[in-house]
Structures are given as structure tokens and as C-alpha cells.
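The values are calculated or read from the model by the stated rules, or taken from the named source; none is laboratory data. Everything numeric here is computed off the predicted structure, so don't read it as measured data. Note that each Cβ is placed from the backbone with ideal geometry, even for glycine, and that neighbours are counted across all protein chains shown.
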Amino acid sequence: MKPDASPVETGGHDPEAALRYRCTRCGACCRWDGYVRVSDEEIARIAALLDLTPEAVRRDYTRLTHDRAGLSLTEKPDGSCVFLADGNVCRIQDAKPRQCKLFPNFWNFSGFRRWCRCLDTWEQAGPEANETNPPAPPDEGASS
Ligand code: SF4
Ligand code: SF4
């Protein structure tokens, strides 16, 4: 089933604390329907990582989104991301798009935990650990 991909605020968080959701690398977000949008800058980083030209990355690994507003990574025949390898490994981990890096701590959607197997550190820590300050977005070079 396709998740409702409308982004929602992720709620309060202590910026000094670890991020709320800890990825367990279940691979679900690399398999569900929807776009993995990539900017020119992200394409350049992927190209550098794979030792390809940006034009080759655009040609072989991206497609135009339906709204014609940009490019998305393509999928394999089973619907998973073209860069998802065995063992739920991202082949472009060091250059993966911002959309991938920011999920689910900085954007997610209603009911996302029905699919995402992340650990909720707030649930583990208890309600007294949950303050109201939102986290700052990570640096461009950061990865989840
Ligand atoms: S780029 Fe990597 S993290 Fe993003 S959907 Fe593809 S395989 Fe998953
Ligand atoms: S669905 Fe959640 S736990 Fe699974 S790989 Fe994506 S972010 Fe990590």
C-alpha cells in the first residue's frame, strides 16, 4: 500500500539530544511508491561518488517527475530504488539525496511507523525526556 506522503511536522525535540528516530535499515523507505527527488547538486555528488558524469547519472538513474518540476531516482522492476542493494544497503550512502537523509526525523507522514521500522527513542526514554525544541536540519554532508 502506498503511504500518504504528505509531510508533517515532527514535533518537539531537545537539540542536544540524539535524534528521535533511529533507523534500523529495514529498507522500507527505499521500496515504497513515490519520488526520490534529486537536485542538480545531488546529482553531481552521486556522479562523483560513482565516478560518472552528471549527464550519465541523469540519463541512467533519473526520470522526470509527473509535475515536470524536477528529477527523481528511477526504480528497479520490483519498485525499489535503483540504488538499493542486497542487505538493504544504499549504494550511494555517502551521497544519498537530502530527502533520504532527512526521513523520518525531519519529515515524515501520518502513520509512517506502520511501514518504517525505526526505533522511537522518545518512547524508550519516557515522556519527561521530550522537550519542545525542534532539531536543526543536518548539514548537507551529514547522513542518517
Ligand atoms: S538513494 Fe539510497 S537511501 Fe535513498 S531511496 Fe535509494 S537506496 Fe534508499
Ligand atoms: S523505513 Fe525507517 S527504519 Fe526503515 S530504512 Fe527507512 S528510515 Fe530506516
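Is at least one residue of segment 61-74 free of Cβ contacts under 8 Å to residues at least 12 places away in the same chain, under 30 Å from Gly111 (Cβ atoms), acidic (Asp, Glu) and surrounded by fewer than 13 Cβ atoms within 10 Å (Cβ to Cβ)?
Yes, segment 61-74 contains a residue that is free of Cβ contacts under 8 Å to residues at least 12 places away in the same chain, under 30 Å from Gly111 (Cβ atoms), acidic (Asp, Glu) and surrounded by fewer than 13 Cβ atoms within 10 Å (Cβ to Cβ).
Which is within 16 Å of Arg25 (Cα to Cα), of a type outside the set (Asp, Glu) and either crowded, with 16+ Cβ neighbours inside 10 Å or in the same structural domain as Asp33 (by TED's automatic domain parsing) (or both), of Phe112, Phe106?
Phe112
Return the total of residues in segment 75-90 being away from ligand 2 (no atom under 14 Å from the Cβ) and surrounded by 12 or more Cβ atoms within 10 Å (Cβ to Cβ).
Total meeting the criteria: 2.
Of everything in segment 20-43, what is away from ligand 1 (no atom under 13 Å from the Cβ) and loosely packed, with under 13 Cβ neighbours inside 10 Å? Give them in sequence order.
Thr24, Asp40, Glu41
Look at segment 82-116 and say how many of its residues are more than 12 Å from ligand 1 (Cβ to nearest atom) and under 10 Å from the mean Cα position of the chain (by Cα).
5
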